[in-house]
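Data first, discussion second: the structure below is written as structure tokens.
The values are calculated or read from the model by the stated rules, or taken from the named source; none is laboratory data. If you're wondering where the values come from, they're calculated on a predicted model, not measured in any experiment. In this analysis, Cβ positions are derived from the backbone assuming ideal geometry, glycine residues included, and neighbour counts consider all displayed protein chains.
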Amino acid sequence: MTSPVPTRDFLDPDVLARLRGLPLFARKVMLGSVSGRHRSPHRGSSVEFAEYRKYVPGDDLRRLDWRAYGRTDRFFVKEFEADTNLRMVVVVDTSGSMGFGSTGLSKLDYAKRMAATLAYLAMEQGDAVGLACVANQVVNRLPALRNPAHLSNLFNLLDQATAAGETELIAVLHELAETIQQHALVILLSDLFVSPEHLQPCFEHLRFRKHDVSVFHLLDPEELAFDFDQPTRFVDMENDAAVFAEPGEIAAGYHAAMNAYLESIKTLMARASVDYHRVVLDQPYEQVLSDFLVGRTQGRRV
């Protein structure tokens, strides 16, 4: 029996109903507190065989492999991977640039929909969920908990989040790498408006702390197309700096810089073993999440 869906602008009950059948799996072993569906570094009981070891007095006789005994005349015990619950922390970039959007939704609106949907699905399967809203610092934060009442607090925090302030993503990610406890699935929703070369150490830090890292890189179609045809005043949404330019004169340079930036981001994510997804705001977020969940299920099978 599933719990009723809370009424929120960023939660679509129909989307949740269609995604409920897709489990959220971690790519790395997790250190949870209860039994669940994610791999643990400890041995326990699950359907996935891990290894044989020699029988020692006191072992559960039900785990003896009698076929191995018949072949070798020695007692061996089957060990299986233990399954545990997941600790997921969703990091939402709330800096000023996340307020931009040409599709009817800003990047922050889109991020809220993705964060709320992932949080709800994870809580439904018994996992612990936390949230961090970040800009020039960690603006608001909730620790990862399994209590269903905790979900309401998380949604309240998302509801209150506004796009403001400058991006200090580098310092924030290093801070989160140190303060997120145990192994966790860390999901970052951001437009990544920072220098790519400074991002790689952040993700390597998160990986060093045994976190499983996924990034949804949010981009607006206008940022990619840059199809302005009249002299335009471009304003930085984080510090109000302005540039007046003739689009036709700078379009070629803009596209070259954007392509180089996107290629650098893709390369560093691969080097840091980050589960990276480039998302354009005209893509339905349901399809983005469906592809993400299916990809993780297939990766677990492999």
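Annotations
- Counting residues in the range 171-182 that are within 15 Å of Met269 (Cα to Cα) and acidic (Asp, Glu) gives zero.
- Per the listing Met237, Met258, the residue uniquely without any contact (Cβ under 8 Å) to a residue 60 or more places away in the chain and surrounded by 13 or more Cβ atoms within 10 Å (Cβ to Cβ) is Met258.
A quick yes/no check of all residues on (1) out of contact with any Phe, Trp or Tyr (no Cβ under 6 Å at 6 or more places or on another chain); (2) at pLDDT 95 or above; (3) surrounded by 18 or more Cβ atoms within 10 Å (Cβ to Cβ); (4) in a strand (DSSP E or B):
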| site | (1), (2), (3), (4) |
| --- | --- |
| Lys112 | no, yes, yes, no |
| Pro143 | yes, no, no, yes |
| Leu154 | yes, yes, yes, no |
| Val172 | yes, yes, yes, no |
| His183 | yes, no, yes, no |
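- Flag if Glu204 is surrounded by fewer than 14 Cβ atoms within 10 Å (Cβ to Cβ), assigned to a helix (DSSP H, G or I) and in contact (Cβ under 8 Å) with a residue 60 or more places away in the chain: no
- Val243 meets the conditions (1) outside any helix (DSSP H, G or I); (2) under 30 Å from Ala177 (Cβ atoms); (3) of a type outside the set (Asp, Glu) in every case but one. The failed one is (2).
- Checking each residue in the range 263-292 for being in contact with a Pro (Cβ under 7 Å, 6 or more places away or on another chain) and of a type outside the set (Asp, Glu) picks out Ser264, Ile265, Leu268, Val280, Leu281.
- The residues of the range 173-190 that are more than 10 Å from Val213 (Cβ to Cβ) and aliphatic (A, V, I, L, M), listed by number, are Leu176, Ile180, Leu189.
- Any hit, the range 210-220, residues being assigned by TED's automatic domain parsing to the domain that holds Gly165 and either surrounded by fewer than 13 Cβ atoms within 10 Å (Cβ to Cβ) or in a helix (DSSP H, G or I) (or both): no
- Scanning the range 221-234 for residues that are surrounded by 14 or more Cβ atoms within 10 Å (Cβ to Cβ) and of a type in the set (D, E, K, R) turns up Glu222, Glu223.
- Residue match in the range 5-16 (condition: among the charged types (D, E, K, R), outside any strand (DSSP E or B), at pLDDT 80 or above and exposed (fewer than 14 other Cβ atoms within 10 Å of the Cβ)): yes
- Scanning the range 193-225 for residues that are of a type outside the set (Gly, Ala, Ser) and within 22 Å of Ala251 (Cα to Cα) yields Phe193, Val194, Pro196, Leu218, Leu219, Asp220, Pro221, Glu222, Glu223, Leu224.
- When Ala171 is tested against (1) within 29 Å of Leu11 (Cα to Cα); (2) over 16 Å from the mean Cα position of the chain (by Cα), only condition (1) is not met.
- Count - residues of the range 114-133 that are of a type in the set (A, V, I, L, M, F, W, C), under 13 Å from Ile187 (Cα atoms) and either surrounded by fewer than 23 Cβ atoms within 10 Å (Cβ to Cβ) or touching a strand residue (DSSP E or B) at 6+ places or on another chain (Cβ under 7 Å) (or both): 9
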